[in-house]
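See structure below.
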């Protein structure tokens, strides 16, 4: 009877140790994935602010920003948002390889706008601050 009891306890201990070891390997893989997911690259643009200058209400003007991946891993743009529906952005949704450039076309529609305009284009990407901002300004008459 005692032998069966010892065998049962030994089997249970063995199972617990195996489970703990397997669980530890899963946790290590999760930690490695987190480290990989937090790798960042660097971004640079030909300019961060573009001033359209004076324009008439109702005009639609466009400007093309050029962004460059100056890091050593692919630049992945997850999304681009604007601070106003009057600003439209066109861009290719593909990773940008290190050392390569990509254009971001910005179109500003001044219909219903008057005075000094200040619009922010937020680029959500794998950069340290998670957001890179471009700005357009105009004086609408």
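All of the numbers you see were taken from the coordinates with simple rules; none came from a lab. Everything quoted here is computed from the prediction, not taken from an experiment. A quick note on method: Cβ atoms are made from the backbone with ideal geometry, for glycine too, and the neighbour counts reach across all protein chains shown.
Can you put 134, 61 in order of Cβ neighbours within 10 angstrom, beginning with the fewest?
61, 134
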I need the P(r) histogram for the stretch 43-140: all alpha carbon pairs, bin width 10 Å from 0 out to the longest distance, whole percents. 16, 49, 25, 10, 1
Percent of Cα pairs exceeding the 11 Å cut-off, where the set is the stretch 96-141: 75 percent
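I'd like to compare 116-123, 82-89: which one has the highest average count of other Cβ atoms within 10 Å, and what's the full order after that?
Top to bottom by mean Cβ count within 10 Å: 116-123, 82-89.
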Listing 114, 63, 132 from the residue with the fewest other Cβ atoms within 10 Å to the one with the most, what is the order? 114, 63, 132
